[in-house]
Amino acid sequence: KSKKKKKSNTMGVIKSGKVVLVLNGRFAGKKAVVVRTFDNGSTDKKFGHALIAGVDRAPRKVTKSMSKAKVSKRSKIKPFLKYVNYTHLMPTRYSVDMDLKKMIDENDVKADAVAVKKDLKKVFEERFTNQKDLKNEKKAQGNKYFFSRLRF
């Protein structure tokens with residue numbers, strides 16, 4: 001009998017810009033965007049993993065009758081950054097066109113995570129408020145899904 005080599009099926013699916021669901025840990029049940037993938041692992045993590053940026057606290061529902069102050073308050077987002085094993089991520093069919101790879105530098109994440117999260121918060125809130133400007137319908141759909149709260 002021949003032994004088959006174990007092959008990970010998520011490596012091809014999880015790419016940067018893909019919306020994923022976190023399955024385990026502190027952020028279980030939260031949505032995130034893959035920033036960078038490490039298919040063969042790295043020096044400190046010997047397994048396939050990804051750097052993800054996600055929404056810890058999603059924006060709340062906004063209606064036309066609300067004042068601008070109330071809309072801006074309800075549109076606040078709390079982001080998170082985390083290195084997660086592929087086995088704890090579930091890819092969705094959605095992807096977003098936020099280019100976080102250029103904005104988030106790996107060394108900055110380890111050195112000054114608070115500053116990176118502040119920048120991430122600005123990017124997420126700006127994208128959430130300007131959802132109508134997206135031209136690509138598929139990316140707009142992914143954007144809408146990413147910023148909506150996961151109900152289960």
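The values are calculated or read from the model by the stated rules, or taken from the named source; none is laboratory data. All of these numbers come straight from a predicted model, not from anything done at the bench. A quick note on method: Cβ atoms are made from the backbone with ideal geometry, for glycine too, and the neighbour counts reach across all protein chains shown. With ligands, DNA and RNA removed, areas are computed over all heavy atoms of the protein, side chains included. Shrake-Rupley method; radii C 1.70, N 1.55, O 1.52, S 1.80 Å.
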Identity of the residue in segment 3-25, in contact with a Ser or Thr (Cβ under 9 Å, 6 or more places away or on another chain) and at pLDDT below 60, that ends up most open to solvent (accessible area, probe 1.4 Å): Met11
Conditions (1) of a type in the set (A, V, I, L, M); (2) part of a helix (DSSP H, G or I); (3) loosely packed, with under 15 Cβ neighbours inside 10 Å: number failed by Met66: (2)
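Out of the residues in segment 73-94 that are among the β-branched types (Val, Ile, Thr) and within 12 Å of the chain's Cα centre (by Cα), which is surrounded by the most Cβ atoms within 10 Å (Cβ to Cβ)? Lay out the reasoning, then the answer.
We begin by selecting, within segment 73-94, every residue among the β-branched types (Val, Ile, Thr); these are 77, 84, 87, 92.
If we keep only those that are within 12 Å of the chain's Cα centre (by Cα) as well, we get 84, 92.
Values: Val84: 20, Thr92: 15.
If we take residues in segment 73-94 being among the β-branched types (Val, Ile, Thr) and within 12 Å of the chain's Cα centre (by Cα), then Val84 is surrounded by the most Cβ atoms within 10 Å (Cβ to Cβ).
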Asp97 being open to solvent by 30 Å² or more (accessible area, probe 1.4 Å) and part of a loop (DSSP other than H, G, I, E, B): yes
Failed item in (1) open to solvent by 80 Å² or more (accessible area, probe 1.4 Å); (2) out of contact with any Phe, Trp or Tyr (no Cβ under 9 Å at 6 or more places or on another chain); (3) of a type in the set (Lys, Arg); (4) not in a loop (DSSP other than H, G, I, E, B), with Lys117 passing the rest: (2)
Among (1) outside any helix (DSSP H, G or I); (2) of a type in the set (A, V, I, L, M); (3) within 20 Å of Gly41 (Cβ to Cβ); (4) in contact with a helix residue (DSSP H, G or I) (Cβ under 8 Å, 6 or more places away or on another chain) - the single one Val84 does not satisfy: (4)
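Within segment 46-61, can you find the residues that are open to solvent by less than 60 Å² (accessible area, probe 1.4 Å) and free of Cβ contacts under 8 Å to residues at least 40 places away in the same chain? Before you say what the answer is, go through the steps one by one.
Filtering segment 46-61 for residues open to solvent by less than 60 Å² (accessible area, probe 1.4 Å) gives 48-56, 58-59.
Answer for segment 46-61, where residues must be open to solvent by less than 60 Å² (accessible area, probe 1.4 Å) and free of Cβ contacts under 8 Å to residues at least 40 places away in the same chain: His49, Ala50, Ile52, Gly54, Asp56.
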Any hit, segment 128-151, residues being under 15 Å from Val35 (Cβ atoms) and in contact with a helix residue (DSSP H, G or I) (Cβ under 8 Å, 6 or more places away or on another chain): no
